[in-house]
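The values are calculated or read from the model by the stated rules, or taken from the named source; none is laboratory data. Worth saying up front: this structure is predicted, and the values here are computed from it rather than measured. Glycine also receives a Cβ, built like all others from the backbone with ideal geometry; neighbour counts cover every protein chain displayed.
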Amino acid sequence: MTPDDPKDPAGQHETVPGTSPGASPQGGVVPDSRGEFTPVRTDTPVADPGLPAHQWRPTDVDPKLEKRAERQVAGMFVAAQVFVVLFVVSYFVFDIGGDGDAILGLGASTVTLGLCLGIALLLIGVGIIQWARKLMGDHEISEMRHPARSSDEDRTATLEALRVGTEESGIARRPLIRNTLLGSVGLLGVPAVVLLRDLGPTPGEVATEQPYEGAGLANTVWADGMRVVRDVIGTPIRAADLEIGDLVNATAAALYETNEEGELVLEGTERLIANSKAPVIVVRMEPDEIEDVDGRENWTVDGIIAYSKICTHVGCPISLYERTTHHVLCPCHQSTFDLADGANVVFGPAARALPQLALAVDDEGYLVAQSDFDEPVGPSFWERG
Amino acid sequence: MRLLNRTAGRLSRHRRRPVAGLLVLLLGLFATGTFYAAFAPAQAETTASDAAQVEEGRELFLIGCAFCHGTNGEGVLTESGTQYGPALAGVGAAAVDFQVGTGRMPLVQPGQQAPRKPVIYSQDEIDALGAFVASLGPGPAVPEESEYSVEGLSAEEQEEAVVRGGEIFRTNCTACHNFDGAGGAMPRGGYAPSLKGVEPKYIYEALLTGPQSMPTFSNGNLTPEDKADVIAYLQESEEQPTYGGFGLGSMGPVAEGLFAWVVGIGGLVGFAIWIAAHSTRSLKQKGTTE
Amino acid sequence: MKKNLRKVFPDHWSFMLGEIALWSFVVLLLTGVFLTLWYDPSMAETEYTGSYAPLRGIEMSQGMASTLHISFDVRGGLLMRQMHHWAAMLFIAAMMVHLLRVYFTGAFRKPRELNWVIGSLLLLLGTLEGFTGYSLPDDLLSGTGIRAADGFVKSIPVVGTYVSFFLFGGEFPGDSIIPRLYIIHVLLIPGILLGLIAAHMLLLVYHKHTQWPGPGRTEENVVGFPMLPVYAAKAGGFFFVVFGVTAIMGGLLTINPIWRYGPYDPTKVTAGSQPDWYMGWPDGALRIMPGIETELFGYTLSWNVLIPIIILPGLMFTILLMLPFIENWITGDKRDHHLLERPRDAPTRTALMVALMTFYGLMWAAGGNDIIAIRFDLSINQITYFMRAAVFIGPVIAFIIARRWCISLQRKDREDVLHGYETGIIMRSPEGGFSERHAPLPQESVYTLTSREDTKAYAALPATDANGVDAPNGRIDRVRAKLSQAWFAHDVAPATREELDEAHHHAEHAHELQGALDGRSADGHQYDGKHAVEGDHLRND
């Protein structure tokens, strides 16, 4: 059987439409899969002309074209094999890693592997589809649907069976049993939820037990006299060294405290947690540019002012500082705070000002905190008050 | 930080030497001191040429800058009291070198942002302008190459500088300039410009002087070595191949989403249309050509 | 089985959109398994010692370090990572495009509502799967995403902080979130996805595919290519095409270059911090929401987070899920449908989805407001103010335009059926008047355009029954009837047989007036695809 042979294998319950083109104009009939005749909707304004006659493809009628299409498809499959080989070659030829090979400034290994694999797969895919389009039998066939809905007798019988079953179980007559059953099955959801209880401690437990320094939503590692240090670098900041317009991304000295062996005191998860609440932005502006906030008159040092770096919206770190306007922008959702005016929100979805860290200088002239923040840092939560 | 020894050539091609920088600085200081102490006539000569340069700068300033910054760089206020052009006393020659050297000044028109444009002054003219502005008040001078270069360090130290610079960069710079230095949006139409292809000198000057709305990173804030490390990291990331193929502008997930829809879904829907499209048909009936 | 091998699938490009999603899911499974061979879902801190020098010596989580290992020290690892990420983006995008096709063509109608529900769940789960995967590398971008998610969770009234502490195993970030997300990402959600995809496909086979109306295509049959060989070849070939396109994208287009982002550190952030595209629209809602927070008896309610990220997505998903049932209830149409409707033939349905798409699109754009601002020289603030109004006004305008557009297209169809299509040939009558010659549509097209039924609005039951007793649910019923009327208002009915006869008669009259061209075809239009070519010839043949 040649690939273009459209004839159906014997025994298939299908019809090849178009074999009788121009079905009768008055309520055309289409033979169905069981060989019966189902009348087609006749109330349409125009009678159904039936499926159009099958039209042959050039490859069906011209053996030369057929041969060519065959070679075309086979060519694609061969080319795919070539690219698979190239894939293997480039796997072994190109170095990877930080100093791997590059082609046109792109990573050689990734690009060649991707291209070879991709092109090989595309050639196989396109080849198969082209085979189907040009050479496989392309007669549309028609198949009858079975109604998704059962016949009426079936439905009545089923409903009756259900009714009898329900009746015999007595579920309707014995509400006590029914309701207690529902109650007990429903209550099974409770163990499922309770089992999840030990996923973590509650906020209250963490806050009261203080398993590590600054534990709990309302606390951080900041404490009276703790130096403000440059984030990542870890060096303390001398107040006199900062110039007007400076922005320091800073954090608490506790994060860079080391023991005698030079190892960090705060490590692992505790360090991550401390690190996620402690960061501050320290800026210096003209002292008279700072609007006074009641009760915070002594929280700045010579125009040096520090605010929590954690956005009060959903907690992104925020340090896109505009020196001229003293506005700081959050890159996640664009909340904008005015650092000269108590870090109040001037734009965007945040609702609360950034918490301010009270600053002072120690004997050596380095910036230190006067205390922990006087409110929780980061996003709002229910118990925040 | 523990570092592995590496001999790969790519990393060290553009390394610069801060130690040498320090050396040059010391030499410069020494030389200056010597000039002052020993060679009085030479001193007079230098002052004379300095004065000439300041005078040349003043003339250029009066033509090109005074309209906004005032004839003595005192700044001009608008009627509503906002700054038209800021006062320039104390901004230093470094600010002038950055602003004029990158074409940001003179401005075409006042606005939220001074964009980078083709430079219209020669380097000599820029130096003269810088000398004039520096004479208005003490400010940061134009840095020597040795200050912002890590060349001269050992390969291992250079590698360490890149790692450290990356950490400092991600802490202080990426928030505005994006993880790849591709730039980002700022409030009210402003933007942090792209850092790609910017000369190390200008990056150093920008850190030092805080152009437009950028905060300053004075030497008391980030030490010169810190700044040199950041520059080393930026140089290194520009030299790296983009390992994963084309970078899509390094704009993050928005650009990636755009490509997924346009190239990915667009391409695949195109394929779907081709797969379902009817192939060409013939007028002939089967068997007629045989 | 034998019968299923020759099962018929209708051929249309829009029927293959769901296949893109299916095949990208297969690509996801294959590449995902590859990644698990090296990925270490641990938040334990380690010092990176791999081959990417600029990060060497930096403390990072095992998760990040192993992802860097895959990217730089496993050959083809970066390719697989990028393919996995691209395939994920394509998977969800293809599901959405497929969903739009199903909706716009009315394929969700009875008996396929259940499959619509399954499909919607697949979209939801796919999105969750994407988000959990986005978080695994533990680079700066994904960490920022997790931190924001912590903020979202904390905004939930009463239990917010508890959920957050249970999720993270204590305070953010803790050391549990990555391993927990990992098992959800590689086992829980893929398992459910697989099950639902199987159910989706089984229902498709059981219902048989819908088809476009046309000659020989009825509600009772399905016309197309048999599963074997043609459809299997086309679908199988398409798998390779999807795989290939993903591979080329993975090889050529960088996605999430974690080595540039660096490891997650809660003190660091990058400009352009965005979620992947499918989370872009709620992120946009977060961005344009005004900062409203209420304090109630000492407790805080963060509307600015709660509304856009917790309530709105839930609401939108419920609307999506309910669409078939809403339409079904309004129109009162309880019959099975296997023939598709063109979008224009259901103007209100089409306009409803266009309005939802507009809402989605505007939110989406708002989610990229910073990128839009720098790329188009605009101000973030102005874009945000604009979007705050546009998300409400835009969908209304889009609804009205889309609806009128559909109705106009219906009118055009009717016009073509009754008076023929415009041939572009201008004729001059003996009196000197000019007119354009219309040629009749071929019979097949006329049949296709007129065979759709004239839809009728649901009529309210009488308010009182024969005995004067108020009908139960009388008020709701009247609302329903009103809605139904609005739903079908201004729909253009297809031409009836009488109208066709009338028009035909009229046309014959017109032809008499244009006698000069009688019996001659309009030159060239033999080949415009609307007429059979055979037997036709050009006039000067």
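Key figures for this structure:
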quantity: Filter result for C:G216 (farther than 30 Å from A:F77 by Cβ, modelled with pLDDT under 95 and at the interface with chain A (Cβ under 8 Å from one of its Cβ atoms)); calculated: yes
quantity: The listed residue being at positive phi and in contact (Cβ under 8 Å) with a residue 12 or more places away in the chain, out of C:G291, C:G284, C:G332, C:G280; calculated: C:G332
quantity: Subset tally (residues that are buried (at least 24 other Cβ atoms within 10 Å of the Cβ) and either more than 7 Å from chain C (Cβ to nearest Cβ) or of a type in the set (G, A, S) (or both)) for the stretch A:327-342; calculated: 6
quantity: Answer residue from the stretch C:65-85, given it is more than 10 Å from chain A (Cβ to nearest Cβ) and hydroxyl-bearing (S, T, Y) and is surrounded by the fewest Cβ atoms within 10 Å (Cβ to Cβ) among those; calculated: C:S66
quantity: Inter-residue pairs, beta-carbon under 8 Å, first within 13 Å of chain B (Cβ to nearest Cβ) and within 17 Å of C:V269 (Cα to Cα) and in the stretch C:128-143, second of a type in the set (S, T, Y) and not in a helix (DSSP H, G or I), 6+ apart; calculated: C:D139/C:Y264; C:L140/C:Y264; C:L140/C:T270; C:L141/C:T270; C:L141/C:S273; C:S142/C:Y264; C:G143/C:Y264
quantity: Top-ranked residue in the stretch A:307-323 [being of a type outside the set (K, R), closer than 14 Å to B:P215 by Cβ and buried (at least 24 other Cβ atoms within 10 Å of the Cβ); ranked as farthest from the other protein chains (Cβ to nearest Cβ)]; calculated: A:I318
quantity: Qualifying positions in the stretch A:270-304 - more than 14 Å from chain C (Cβ to nearest Cβ) and of a type in the set (S, T, N, Q); calculated: A:N298, A:T300
quantity: Segments classed as helices (runs of 4 or more DSSP H), wholly inside the stretch B:189-290, with at least 1 members that are more than 13 Å from chain A (Cβ to nearest Cβ) and in contact with a Phe, Trp or Tyr (Cβ under 7 Å, 6 or more places away or on another chain); calculated: B:200-209, B:224-239, B:253-259
quantity: Scan of the stretch A:149-171 for residues that are loosely packed, with under 10 Cβ neighbours inside 10 Å and either over 30 Å from C:R109 (Cβ atoms) or modelled with pLDDT of 90 or more (or both), ordered by number; calculated: A:E168
quantity: Some residue of the stretch A:98-109 being at pLDDT below 85, over 30 Å from C:V74 (Cα atoms) and buried (at least 19 other Cβ atoms within 10 Å of the Cβ); calculated: no
quantity: Qualifying residue in the stretch A:201-214 (condition: within 14 Å of chain B (Cβ to nearest Cβ), aliphatic (A, V, I, L, M) and more than 30 Å from B:G139 (Cβ to Cβ)); calculated: no
quantity: Selection from the stretch B:77-105 of residues that are modelled with pLDDT of 85 or more and either assigned to a loop (DSSP other than H, G, I, E, B) or over 26 Å from the mean Cα position of the chain (by Cα) (or both); calculated: B:P86, B:A87, B:L88, B:A89, B:G90, B:V91, B:T102, B:G103, B:R104, B:M105
quantity: Pair list, Cβ under 7 Å, 6 or more apart: the stretch A:246-268 residue assigned by TED's automatic domain parsing to the domain that holds A:P279 and outside any strand (DSSP E or B), other residue among the polar types (S, T, N, Q) and buried (at least 19 other Cβ atoms within 10 Å of the Cβ); calculated: A:L255/A:N275
quantity: Subset tally (residues that are β-branched (V, I, T), within 17 Å of C:A351 (Cβ to Cβ) and surrounded by 15 or more Cβ atoms within 10 Å (Cβ to Cβ)) for the stretch C:392-445; calculated: 1
quantity: Matching residues in the stretch A:136-185 - criterion: being within 14 Å of chain C (Cβ to nearest Cβ), of a type in the set (A, V, I, L, M) and either assigned to a helix (DSSP H, G or I) or touching a helix residue (DSSP H, G or I) at 6+ places or on another chain (Cβ under 8 Å) (or both); calculated: A:M136, A:A148
quantity: Test: residue in the stretch A:316-334 that is touching a Gly at 6+ places or on another chain (Cβ under 6 Å), closer than 26 Å to B:T82 by Cβ and touching a residue at least 12 places away in the same chain (Cβ under 8 Å); calculated: yes
quantity: Of the criteria (1) out of contact with any strand residue (DSSP E or B) (no Cβ under 6 Å at 6 or more places or on another chain); (2) over 21 Å from C:S14 (Cα atoms), which one C:D138 fails; calculated: (1)
quantity: Subset of the stretch B:134-152 (residues that are of a type outside the set (S, T, Y), within 28 Å of C:T270 (Cβ to Cβ) and not in a loop (DSSP other than H, G, I, E, B)); calculated: B:E147
quantity: Total residues in the stretch A:333-374, condition touching a strand residue (DSSP E or B) at 6+ places or on another chain (Cβ under 9 Å) and in a loop (DSSP other than H, G, I, E, B); calculated: 20
quantity: Residue within the stretch C:49-69 that is closer than 30 Å to C:T210 by Cβ and not hydrophobic (A, V, I, L, M, F, W, C) present; calculated: no
quantity: From the options C:A88, C:A148, residue that is in contact with a Cys (Cβ under 7 Å, 6 or more places away or on another chain) and part of a helix (DSSP H, G or I); calculated: C:A148
quantity: Filter result for the condition that a residue is closer than 23 Å to A:S319 by Cβ and either of a type outside the set (D, E, K, R) or outside any helix (DSSP H, G or I) (or both), over B:V163, B:V119; calculated: B:V163
quantity: The stretch C:225-239 residues that are touching a residue at least 60 places away in the same chain (Cβ under 8 Å), paired with ones that are assigned to a helix (DSSP H, G or I) and among the aromatic types (F, W, Y) (beta carbon under 9 Å, 6 or more apart); calculated: C:F225/C:Y231; C:A235/C:W23; C:F238/B:F271; C:F238/C:W23; C:F239/C:W23
quantity: Residue within the stretch C:287-305 that is outside the structural domain of C:L123 (by TED's automatic domain parsing), charged (D, E, K, R) and closer than 24 Å to C:I380 by Cα present; calculated: yes
quantity: Output for the stretch B:33-49, where each listed residue is farther than 14 Å from B:D124 by Cβ and at pLDDT 60 or above; calculated: B:T47, B:A48
quantity: Residues of the stretch C:260-294 that turn out to be assigned to a strand (DSSP E or B) and at the interface with another protein chain (Cβ under 7 Å from one of its Cβ atoms), as a count; calculated: 0
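Here's the yes/no breakdown for (1) within 10 Å of another protein chain (Cβ to nearest Cβ); (2) buried (at least 18 other Cβ atoms within 10 Å of the Cβ); (3) of a type in the set (V, I, T):
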{"residue": "C:E327", "(1), (2), (3)": "no, yes, no"}
{"residue": "C:L340", "(1), (2), (3)": "no, yes, no"}
{"residue": "C:T358", "(1), (2), (3)": "no, yes, yes"}
{"residue": "C:G367", "(1), (2), (3)": "yes, yes, no"}
